[in-house]
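> One structure follows; several queries about it will come next.
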Amino acid sequence: MVRISIFGLGPVGLATAVCFAAKGYRVLGVDPDTERVKLLQRGQPPFYEPRLRPLLRRAIAKRKLEIAADPTGNSRSDFAFITVGTPSNDDGSINLTYVRKAASEIGESLRASKRRQVVVVKSTVTPGTARKIVKPTVRAASGRTYAKDFFVCSNPEFLREGNAIQDTQFPDRIIIGSDEERSVRRLENLYRNFHGRGTPSIIRTSFENAELIKYANNAFLAGKISFINCIANIAERTPGADIQTIAGGIGLDRRIGPRFLNAGLGWGGSCFPKDLRALLSLSKSLGYEPAMIKAAIETNQAQWARAVEICKQGLEGLQGRTIAVLGLSFKPNTDDVREAVSIPLVKELLKEGATVRAYDPAAMNSARSVLGESVEYASTPLTCIDGADCCILVTEWEEFKKLQPSDFVARLRRPFVIDGRRIYNAARFRRAGIVFHAVGLGPAE
Ligand code: UGA
């Protein structure tokens, strides 16, 4: 049976590891964080991701997945996937420290090995990384010959947090970049065996195209959201307009498509913000100012502030007011608050003198590590809104969709709701006597 190593056990690495293990492959997961390794060995994912825990436990129980901090076991693998993080440097460019370290550990472990290993770069990296960094690093650390003893492929992933398992099992397409044929064929065969009859389109291309496809993909999606948010901001100032109807109308044009057209308080997370900054920085280093990328970022940076402004106007100042914030994670089904719009939004409310009471079904601990005790943390959505002057809905968790207008009327001091993700029915809320604002919803005619 084919053996696979995964270097870096974050959301991408773990999803990849448990999905291969579930199909019967022998997988070695390597991560330098010994605390994380101990947790994982006990079957505990260090973050929340639907379906991950049972798959992890089963893989460990069936001895299909081994977790270690020590990379030497990689010498027995046929494929080594690099799934480490690529954080932002201060200038927006990406930090390749972890990619270099993984490549070097892979190389060292291959020194005395007879395996002809394919090193697969899944981490999001700027063009040239596989060719100019991973390949020479593995070569130097292993002392072996490229395209004979070891191979390199660029194979970006398109997983969404909160949907990582499903996206690993059913990707829209597979991109494989390399400068030689053998590794591409081997990686393609691995995926054909893994997906069977459900194998999606496989695109074979150069390293650099594969690397850029990932950035273009994320930039397009983030740009699509910024675009609809921009139209939402126009609609919000237009009597009788509603961005949901407008998005529905343009989404039926097959050239546009209906997905990723949900207007809201903006995009966050560990990917879009970092990747757009990296693309901007890369582009500038090539002597080109990418106006579209800049506009997507700028639109996003201003998007959450409107909710604070409406709240401030409605309450005639925020000093001494209590604001309930529903949702802290950057999107539903994750406990991740990295670059979540909730963070600057809450900080701004506090700066304006408000007391903030927040609730999130999964992200309370991660939010606490960023916001500390500057915020009151409620234990349910209802206690969160109890006695508050205004409620801002920041993340569209299913749990919040169940709240009724009567819940807000009964609990808010004066019913005032700002729906930052368009989950509530404006007419129902207004009929109940609630002062109701929503992203992209114009004033009544
Ligand atoms: C994103 C991409 O969707 C993945 O394809 C990619 O693999 C991943 O980045 C990555 O580079 O690793 P993710 O960050 O997990 O995935 O989350 P998304 O579901 O894309 O949402 C990103 C942000 O956009 C969230 O803050 C979400 O609330 C916001 N969003 C999304 C909207 O405001 N409107 C939408 O219609 C969709």
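> Connecting C-alpha atoms closer than 10 Å in a GNM of the chain, tell me which of 143, 177, 327 has the biggest fluctuation.
143
> Same structure, new question: Please tell me which of these pairs span more than 21 angstrom C-alpha to C-alpha: 135/294; 62/114; 224/274?
Values: 135/294 32 Å; 62/114 27 Å; 224/274 17 Å.
Table pairs above 21 Å Cα-Cα are 135/294; 62/114.
> Which percent of the accessible heavy-atom area of the range 3-204 goes to carbon and sulfur, probe 1.4 angstrom?
Values: 4060 of 8740 Å².
Looking at the range 3-204 in its full context, I get 46 percent from C and S.
> Answer rounded, prolate or oblate for the range 342-394, using the Cα gyration tensor with square roots of eigenvalues a ≥ b ≥ c: rounded when a/c is under 1.5, else prolate when a/b is larger than b/c, else oblate.
In terms of gyration-tensor shape, oblate.
> Residue separation times 0.36 nm, minus the C-alpha to C-alpha distance between residue 100 and residue 435: what's the value?
Going from the current span to full extension adds 115.2 nm.
> Once every DSSP H run of n ≥ 4 in the chain is given -39500 (n - 2.57) and the sum is divided by its residues, what mean residue ellipticity at 222 nm do you get, rounded to the nearest 500 deg cm²/dmol? Working shown, then result.
On the way: 18 runs with 188 residues, N = 445.
Computed ellipticity for the chain at 222 nm equals -12500 deg cm²/dmol.
> Taking every pair of alpha-carbon atoms in the range 26-155, what share in percent sits in each 5 Å bin, from 0 to the bin with the longest distance?
Computed distribution, short to long bins: 2, 11, 19, 20, 19, 15, 10, 4, 0, 0.
> Further question: Lys/Arg Cβ at +1, Asp/Glu Cβ at -1, dipole of the range 1-129 taken about the Cα centre: which of 84, 6, 22 is farthest positive-ward?
Most positive-ward Cα: 22.
> Over the range 3-204, what is the percentage of antiparallel beta bridges among all DSSP beta bridges, to the nearest 5? Please report the intermediate quantities before stating the final value.
Values: 2 of 29 bridges.
So the antiparallel bridges in the range 3-204 amount to around 5 percent.
> Could you size up the charge dipole of the chain around its Cα centre, putting +1 on the beta carbon of Lys and Arg and -1 on that of Asp and Glu, and report it in debye to the nearest 20? Don't skip to the end; give the middle numbers.
Working: 64 positive and 46 negative charges, 387 e Å.
The calculated dipole for the chain is roughly 1860 debye.
> How large a share of the accessible area of the range 219-438, in percent, is made up of carbon and sulfur atoms when the probe is 1.4 Å and the other protein chains stay in place?
Summing carbon and sulfur atoms, their accessible area is 54 percent of the total for the range 219-438.
> Nearest 20 debye, what's the magnitude of the dipole of the range 3-204 about its Cα centre given +1 on Lys and Arg Cβ and -1 on Asp and Glu Cβ?
Rounded to the nearest 20 debye, it is 1000 debye.
> In addition: What accessible area per residue, rounded to a whole number of Å², is obtained for the chain using a probe radius of 1.4 Å?
About 45 Å² of surface per residue is accessible.
> Can you tell me which aspartates and glutamates have their Cα less than 12 Å from the Cα of residue 122? Leave out same-chain residues fewer than eight positions away.
Those aspartates and glutamates meeting the cut-off are 157, 211.
> Write down the percent of antiparallel bridges among all DSSP beta bridges whose residues are both part of the chain, to the nearest 5.
On the way: 3 of 49 bridges.
For the chain, the DSSP antiparallel bridge percentage is about 5.
> At 7 Å along Cα-to-Cβ for each site, give me the label-to-label distance between residue 288 and residue 39 in nm.
For residue 288 paired with residue 39, the spin-label model returns 4.0 nm.
> Moving on. Which one of 300, 268, 285 has its Cα pushed farthest toward the positive end of the charge dipole of the range 209-347, where Lys and Arg give +1 and Asp and Glu give -1 at the Cβ?
My answer, from the dipole projection, is 285.
> In percent, what relative contact order does the chain have, based on Cα pairs under 8 Å that are 6 or more apart in sequence?
It comes to 12 percent, rounded to a whole number.
> Place +1 on the Cβ of every Lys and Arg and -1 on the Cβ of every Asp and Glu in the chain, take the dipole about the Cα centre, and give the residue among 310, 346, 113 whose Cα lies farthest towards its positive end.
Sorting the options by dipole projection puts first 113.
> Please list, short to long, the whole-number percent of alpha-carbon pairs of the chain in consecutive 10 angstrom bins beginning at zero.
Calculated over all Cα pairs of the chain, the distribution is 4, 20, 27, 23, 16, 8, 2, 0 percent.
> For the chain, with a Gaussian network of springs between Cα atoms less than 10 Å apart, report the residue from 215, 191, 48 with the top mean-square fluctuation.
Highest fluctuation among the options: 191.
> Give me the percent of Cα-Cα pairs in the range 219-438 that sit more than 21 Å apart, rounded to a whole number.
More than 21 Å apart: 55 percent of the Cα pairs in the range 219-438.
> Using a Gaussian network model on the chain with a 10 Å cutoff between Cα atoms, which of 406, 109, 75 fluctuates the most?
406
> What is the local net charge at residue 241, summed over the other residues whose Cβ is closer than 14 Å to its Cβ (Lys, Arg +1; Asp, Glu -1)?
-1
> Checking understanding here: applying a Kyte-Doolittle mean of at least 0.5 and a length along the axis of at least 15 Å (C-alpha), which whole DSSP H helices in the chain pass?
Span-like helices in the chain: 11-22, 207-235.
> Could I ask something else about it? Treating only the Cβ of Lys, Arg, Asp and Glu as charged (+1, +1, -1, -1), what charge dipole size does the range 219-438 show about its Cα centre? Round to the nearest 20 debye.
In debye, rounded to 20, the range 219-438 gives about 420.
> Under 13 Å from the Cβ of residue 179, count the other residues' Cβ atoms, weight Lys and Arg +1, Asp and Glu -1, and hand me the total.
Net local charge, residue 179 excluded: +1.
> Give the separation of the Cα centroids, the range 18-58 to the range 378-400, in Å.
If we compute the Cα centre of each part, the gap is 33 Å.
> How long are the semi-axes of the equivalent ellipsoid of the range 105-212, defined as square roots of 5 times the Cα gyration tensor eigenvalues? Whole Å, largest first.
25, 15, 13
The values are calculated or read from the model by the stated rules, or taken from the named source; none is laboratory data. Source: prediction; values computed, not measured. Ideal geometry is used to build each Cβ from the backbone, glycine not excepted, and the neighbour counts take in all protein chains shown. Remember, those area values only see protein heavy atoms, side chains included, never the ligands or the DNA or RNA. Shrake-Rupley method; radii C 1.70, N 1.55, O 1.52, S 1.80 Å.
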